[in-house]
1. Restricting the search to the range 192-213, which residues are more than 16 Å from the chain's Cα centre (by Cα), surrounded by 21 or more Cβ atoms within 10 Å (Cβ to Cβ) and among the small types (Gly, Ala, Ser)?
2. Do we find a residue being open to solvent by less than 30 Å² (accessible area, probe 1.4 Å) and of a type in the set (Asp, Glu) anywhere in the range 353-369?
3. Filter the range 93-112 down to the residues that are out of contact with any helix residue (DSSP H, G or I) (no Cβ under 7 Å at 6 or more places or on another chain) and open to solvent by 10 Å² or more (accessible area, probe 1.4 Å) and list them by number.
4. Considering only residues of the range 147-182 that are modelled with pLDDT of 95 or more and among the β-branched types (Val, Ile, Thr), which is farthest from residue 96 (Cα to Cα)?
5. I'd like to know if the range 359-371 contains one or more residues that are among the small types (Gly, Ala, Ser), assigned to a loop (DSSP other than H, G, I, E, B) and at pLDDT below 90.
6. Hey, could you check the range 68-82 for residues that are within 12 Å of residue 26 (Cα to Cα) and touching a residue at least 40 places away in the same chain (Cβ under 8 Å) and say which is least open to solvent (accessible area, probe 1.4 Å)?
7. Scan the range 153-166 for residues that are among the acidic types (Asp, Glu) and loosely packed, with under 15 Cβ neighbours inside 10 Å and jot them down.
8. Checking the conditions here, which among 252, 273, 291, 263 is acidic (Asp, Glu), surrounded by 14 or more Cβ atoms within 10 Å (Cβ to Cβ) and at pLDDT below 70?
Amino acid sequence: MSRASAPRLRVLADNRSVASHELSIVIPVLDDTELLRQLLTSIPADPRVDIVVVNGGAPEDRLNAICGRPDVQLLTSAPGRGRQMNAGASAAAGRWIVFLHADTRLPPRWSDEIRRASADPAVVGGSFRFRLDSAAWQARLIERAVERRVRWLHLAYGDQALFVRRDVFDALGGYREWPLMEDVDFVRRLRRAGTLYHSTQPVLTSARRWERDGWWRRSAKNMMLQSLFFAGVSPEQLATWYSRPPRRSMRDALVVMARVPSDERGKSRLTRDLGGDHGELRRALLLDTLDAVRDVADADLFVACEPAGSIAEMRGLLGNGARMFPQEGDTLGDRMRNAFGHLFAAGYSTVVMIGSDIPSLPAAHVAQAFQYLRDRPDGLVIGPAADGGYYLIGLRRLCPALFTSIAWSTADVLAATASVAEKSGLALSLVPPWQDVDTVDDLRRVLRDPHGATRTRAWAAAHGDLAVRDSGR
């Protein structure tokens, strides 16, 4: 680990391990409910640690539920990261305070690093190593640039989980309550106060802003704003430039909601009618569905995996044919809502979702859905299914009401969704109806269609009369 020293504040020596209740984590949030839930899940309860969440947005019931742990305190304040972090520090019990963004994950042994820092009385604060949660080569270049900035300038930023002794934080007067550059200013003042401890342990930060704005466009914008700040331009003026949306074309995401084929809970009605567990059929349906939609123009393909821990198995099945993320939530509606939220947060402006059991779906239906949405900022597009539900749904913005209070797996799903859309002011468009495969009769319908579904046809040919057995309906 590297250090910068110019001690001017007297800090009491502390060669002990950090004592009980003497580490605090302060997390400012603003419309970050799902990110916060994931973050708190990643931090196990520890009697030495208290967590303060400071909400700068409107009150929300889900925040109260997420922060229901005994070690988590939920506060509210006026929005502004510096203001929220100061409010959190005022309520924190710890002798050391870690300031953590909602989209950043701490390393497993983060508290050990602060123990090491605490053992040196000259150390007043520090940071962790910067890592992005992307496999893109651009991410590695940005990480190396940050490492050099920290090594040469001793200048870490807020997405590196800054930590500081409580008495030093108070002596410095906390963060400036600026609209921008509050972390840069704080670290500049902190390094004048004493030694900084830069841990080699990495925090993992979401790459969604770089993916949304473009790797080089966002990096260049950040460097320009920092240079202007160092040249004396006010944070208020910089904030007006920072908040301007980037000039870029719309980005489309197509997401397939998929249960891993080895899970026997998948396609339960179909396998019940067929008798036995037919994992190879579930696999064929999924792969045929992905083949059917893989070439939809200009749309990035994602698979939302269920259960959440099945990504490695799914990647082994699909290779690099699609990007993957876990489904999150207890109900189907929760999982759909969170999948839309994940992709909108990643910067996609148009998201279309389908199931994983539509092996003969014409790609033109999906392309038509994207076209409808491009022309309608408040649009909702649905692909009706014969059973009263839908096989496709697409949005330009998240509308949580579409995924709550719906009686899933009933003949009323489409009608109820259309009613919610009308109340929510969404312009509903329909693409041609199609049929997913829930029963043996649905499977027969696919086999009668001469187009696509090559793996499903091969499975039916290998299993004799199973695919044409009377379903008893």
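The values are calculated or read from the model by the stated rules, or taken from the named source; none is laboratory data. Quantities reported herein were computed from a predicted structural model and do not represent experimental measurements. As a convention, Cβ positions derive from the backbone with ideal geometry for all residues, glycine included, and neighbour counts pool all protein chains shown. All accessible areas refer to the heavy atoms of the entire protein, side chains included, with ligands and DNA or RNA removed. Shrake-Rupley method; radii C 1.70, N 1.55, O 1.52, S 1.80 Å.
1. Correct list: 194, 199.
2. The answer is yes; a qualifying residue exists.
3. The initial filter retains those residues of the range 93-112 that are out of contact with any helix residue (DSSP H, G or I) (no Cβ under 7 Å at 6 or more places or on another chain), namely 93, 98, 100, 106-112.
Passing the criteria: 93, 106, 108, 109, 110, 111, 112.
4. My answer is 168.
5. Within the range 359-371, the first condition is being among the small types (Gly, Ala, Ser), and the residues that meet it are 360, 363-364, 367, 369.
Restricting the remaining residues to those that are assigned to a loop (DSSP other than H, G, I, E, B) gives 360.
With the extra rule that they be at pLDDT below 90, the set shrinks to 360.
Within the range 359-371, one or more residues are among the small types (Gly, Ala, Ser), assigned to a loop (DSSP other than H, G, I, E, B) and at pLDDT below 90.
6. 82
7. Step one: filter the range 153-166 for residues among the acidic types (Asp, Glu), giving 159.
None - no residue of the range 153-166 is among the acidic types (Asp, Glu) and loosely packed, with under 15 Cβ neighbours inside 10 Å, so the list stays empty.
8. Values: 252 fails: at pLDDT below 70; 291 fails: at pLDDT below 70; 263 fails: at pLDDT below 70.
Residue meeting the stated conditions: 273.
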